[in-house]
Amino acid sequence: MLSKIITGTALSIAVAFASAAQTKEIPDTSYQLPPLLMTRSGKAIHTAADWEKWRRPEILAMFGQYVYGKTPAKKIPLHFVTISINPAVLNGAATRKQVRVYFSKDEKYYMDILLYLPNINKPAPVFLGLNFGGNQAIHADTGILISKRWFRYGEGAAYTDHYATEASRGTQSADWPVEEIIKRGYGLATIYYGDLQPDSSNSVNAGIAPLFYKNGQTKPAPGEWGAIGVWAWGLSRAMDYLETDPAVDAKKVAVIGHSRLGKTALWAGAQDKRFAFVISNDSGEGGAAITRRKYGETITKINKAFPHWFCDNYKAYNDREDELPVDFHELIALIAPRPVYVASASEDQWADPTGEYLSAWHAGEVYKLYGLTGLPGPVPPPVSRPVGNGSIGYHLREGGHAMRLYDWQQYLDFADRVLR
Ligand code: GCU
């Protein structure tokens, strides 16, 4: 009824008001962040070499121990099978490949990479990201295999009883402007995140985690990885494949993700230095946002709604943000000196745009050790004014929680500068 009588701007104000109402109106500003340039034992960090020797490993280990859980060190043998290749898709502008990456000899565990590469006669830089809807959802291209996995989406024509149908093709193409990416000379590699672990609280054993269980183990230990850790591991395995593909410039791979998959991209980029550029789109709590602000989503809220995303140790910090040994500016700092881009959306208060900006700004302290430039200052820019002409970029898109053409255009422009 209400939507019938309010229209246009009035409707968007109503929507913005509704989402603000879900968040705490006033962020905590009295917090003290863990200092980036001081080890836990009190050693001051003055150089990039000291950062890499003392502080970076300590922060990385803490994100493993307290937040995402530790990623197993065990290397497993992979094999790659090209399932299909079409050298002339998108009106001849691109080659489409689908590559199955097997994680076990018995071929029980695998993920499917969908790859679009520009037909440019030289290795292409590539954006790599996990997707929510299955590879077939990112583009209407009927050559894409429809995922047979389980989906969180349960009802409707596109996903019926949690399985994808023909109607799911291209349903998320607004988040993946493939033509634009190809036109700009970049490739795109994407994988359905459910290939690695279903995004559901009781499905850890339906993913790849059991491949790493030891001696009768039935679930990850409290300091071992949660689903975000598993998804991030999958991005590194995709990188293993990309390094073998002569059409890919593996020194120029940007890892990207939206929302929970933005948290995942940051964690993948923090751990795996092969990612040359890291992009967080609306990653929010447990991603780019400063958790000590307690604005929008909080640790308690995220652990209640998604108990499987982080490690069990993280639950000890429910309502105790200030005691967490890390905060998320440190996650971004782990990416230094590689370029990083953080983006927010104006109506996405749940993800705390200001907290996302501040993280990226604080991380600049570490970039400075390398002689690199971060963001200009502590005040976030207005909507549609991208900032950062050094190694850290940020923008606030007008609108809601999504990854849109505007976001991609900023990432492409930034990539043109930092990857080429
Ligand atoms: C929920 C969740 C967020 C997450 C988002 C998403 O809103 O609370 O933390 O980022 O889903 O993944 O879309």
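Working carefully through the options Y192, Y163, Y186, find the one that is hydroxyl-bearing (S, T, Y) and either within 15 Å of the ligand (Cβ to nearest atom) or under 15 Å from F103 (Cα atoms) (or both).
The conditions single out Y192.
Select from the stretch 245-270 the residues that are assigned to a helix (DSSP H, G or I) and touching a residue at least 60 places away in the same chain (Cβ under 8 Å) and write down the one among them that is nearest to the ligand (Cβ to nearest atom). Per the criteria, the residue is R260. When every residue of the stretch 345-363 is checked against the conditions, at least one turns out to be aliphatic (A, V, I, L, M), at pLDDT 95 or above and more than 16 Å from the chain's Cα centre (by Cα). If the condition is being crowded, with 18+ Cβ neighbours inside 10 Å and either closer than 15 Å to A265 by Cβ or polar (S, T, N, Q) (or both), then the stretch 216-236 contributes A227, I228, G229, V230, W231, A232, W233, G234, L235. Looking at this structure, is A232 within 12 Å of the ligand (Cβ to nearest atom), of a type outside the set (V, I, T), over 20 Å from K122 (Cα atoms) and modelled with pLDDT of 95 or more? So A232 does not fit the description; no. Restricted to the stretch 276-389, the set of helices (runs of 4 or more DSSP H) holding at least 2 residues that are surrounded by 16 or more Cβ atoms within 10 Å (Cβ to Cβ) and more than 14 Å from the ligand (Cβ to nearest atom) comprises 329-333, 353-369.
The conditions of being within 15 Å of L235 (Cβ to Cβ) and within 11 Å of the ligand (Cβ to nearest atom) are not met by K273. Selection of the stretch 106-134 for residues being under 25 Å from V340 (Cα atoms) and among the aromatic types (F, W, Y) yields Y116, F127, F132.
Residues in the stretch 398-408 include at least one that is within 14 Å of F277 (Cβ to Cβ), part of a helix (DSSP H, G or I) and within 18 Å of the chain's Cα centre (by Cα).
I'd like to know if the stretch 169-178 contains one or more residues that are surrounded by 14 or more Cβ atoms within 10 Å (Cβ to Cβ) and over 22 Å from the mean Cα position of the chain (by Cα). Checked the stretch 169-178: at least one residue is surrounded by 14 or more Cβ atoms within 10 Å (Cβ to Cβ) and over 22 Å from the mean Cα position of the chain (by Cα).
Can you find a residue that is modelled with pLDDT of 95 or more and farther than 21 Å from V89 by Cα anywhere in the stretch 166-189? No, every residue in the stretch 166-189 fails to be modelled with pLDDT of 95 or more and farther than 21 Å from V89 by Cα. L78 falls short on exactly one of the conditions (1) surrounded by 13 or more Cβ atoms within 10 Å (Cβ to Cβ); (2) at pLDDT below 95, and that condition is (2).
Scanning the stretch 161-193 for residues that are within 13 Å of F132 (Cα to Cα), touching a strand residue (DSSP E or B) at 6+ places or on another chain (Cβ under 7 Å) and part of a helix (DSSP H, G or I) yields S168, D175, Y193.
The values are calculated or read from the model by the stated rules, or taken from the named source; none is laboratory data. On a predicted model such as this, the values are computed, not experimentally measured, just so you know. Cβ: placed from backbone, ideal geometry, glycine included. Neighbour counts: every protein chain shown.
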